[in-house]
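Values quoted throughout were computed directly from the atomic coordinates according to the rules given, and no laboratory measurement underlies them. Only a predicted model underlies this, so the values are computations on that prediction, with no experimental measurement involved. Because the Cβ atoms are built from the backbone with ideal geometry, glycine has one as well, and the counts that use them run over all protein chains shown.
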Amino acid sequence: MRGERALLILIVCAFVASVSFSIAQRIPFENDESVYATQARAWAAGGPITGVGLQRAPLLPAIGTILYKAGARAEWPFRLVGLLSGVAAVLLTWGLARAVAGPTAGLTAAALFASVPNVQQRSAQFMTDVPATALMLAFALIVWRNRERAGPSLLVAAPIAAAAVYLRYASILPIVVVAAVALGLWHRGLLRDRRLAAGTLGLFGALLIPHIVRAIDATGRPWGLVTFTAGYAGRRYFGQGLVQYLAWWPYTLAGPIAAIGMTAGIFAAARRRSQAAIFLVVCALLDIVLIGLTDHGEPRFVFFPVALLCIGGAIAISEAVGARRVAAVIVAGAVVAAGITTALHTSSARTHRIAPVLAGRIVRAHAHLPCTVHSVEIVETTWYSGCSTTYFGAGPADFAVFFSTGGVRLAIQPASPPPGAVPIGVVRDNGRRLATVYVLARPVQ
């Protein structure tokens, strides 16, 4: 037990060190982070909100509102939510694997999941994916513990599942998958006490009433926000996400170490077909398929099934080798591989995101609130400038930001500033011109 605890602490410390390094680099907010942060600021102190559509669930900005009222102004306090959620996800991966197959499987699964570069990178952000993954792992663990004879702890699954939905509407997909697969395997145990099962389902439904009311008000249908999120994804064709996940399998989704474990877990499950393996692998694969069919592909959308497959791989590895030292070897590899990948990602991410930050600071130095800016990086500009931001031609504005680099976004940017615009600052990074900020002599239409 003492050795297991020491290895688990080592895994968590390695994970925290890598994620903390990324947070300490003060990488600017990306688009989604800026959306949640500006919404939190607006709820806490008023001000403009940009980019908040019906697809945005409310729980993360609500947490951000508390942080903002507590004094958070820089990126790092918000990103501590991601760090704590990432640690919780690693610990819950360990807990679920340990409950299924014992200590060695638990340590191996935790190390595999902690080694996924995408998980480390997103745990250093103010995003919904890692917190929702942690809640889904807690949900799966409760279902597993109640599979043979459901007890009062099953009721806890309802608020955990509801919280996952309020963090990310698409969480309803893995919730349904886990519940359906579990009922198919263990319906006698889960439904032994019909009142308990009905109470759990009723509590879950009651907790979703605010969501349903808002969905009916906004879309006319109780499920409208979930379907709106799927339709908002911007996919080019049906099944685009699934095609992308198949193309990314397994390295891009999980990194070099976890990819081997995930693949081993699938083959082992197909060979042995135990209930535990079926539960883990079928839930994971069904979730990936459903997300791939309803959304465009993003590795961060499938952290929960990746965690389940890491557990399946850990079980296969622990059964094949049967030694706790395997986890120590995986930890060492995880630190080296994921740490290097995260450091490289951190450097490139800062270079990619620095322009809206510097432009926003120039605007803030010259602006008198309330104010409006024209830009193609609208959400980031809102967060860093404090001004309402719109695309060019969307209405009058006091400032305009013209980016010199930015790929396809420059296609929606005018070729030149409007007549009377006066440059008030040039954004440069390492000698390279990234953007020019203009004050408009008069608000333009």
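Summary table
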item: Fewest-first ranking of H187, H368, using other Cβ atoms within 10 Å as the exposure measure; result: H368, H187
item: The chain - charge dipole about Cα centre, Lys and Arg +1 at Cβ, Asp and Glu -1, debye rounded to 20; result: 600 debye
item: Built amide H within the under 5 Å cut-off of S404, gap 5+; result: A435, T436
item: Cβ-placed point charges (K, R +1; D, E -1), dipole of region 354-439 about Cα centre in debye, nearest 20; result: 200 debye
item: For the chain, Cys with no neighbouring Cys Cβ under 4.7 Å; result: C13, C283, C310
item: Cα principal axis extents for region 354-439, largest first, Å; result: 32, 24, 24
item: Whole-Hz ³J(HN,Hα) from phi, Karplus 6.51 cos²θ - 1.76 cosθ + 1.60, for region 190-203, glycine and proline x; result: 5, 9, 4, 9, 4, 5, 5, 5, 5, x, 5, 5, x, 5
item: Where only C-alpha atoms are counted, convex hull volume of the chain per residue in Å³; result: 151 Å³
item: Region 354-439: relative contact order as a whole-number percent, Cα under 8 Å and 6+ apart; result: 31 percent
item: Neighbour-count ranking [beta-carbon atoms within 10 angstrom, fewest first] of F304, F238; result: F238, F304
item: Given charges at beta-carbon only (K, R positive; D, E negative), |dipole| of region 186-257 in Debye; result: 200 debye
item: Per-residue Cβ neighbour rank within 10 angstrom, fewest leading, R26, R2, R79; result: R2, R26, R79
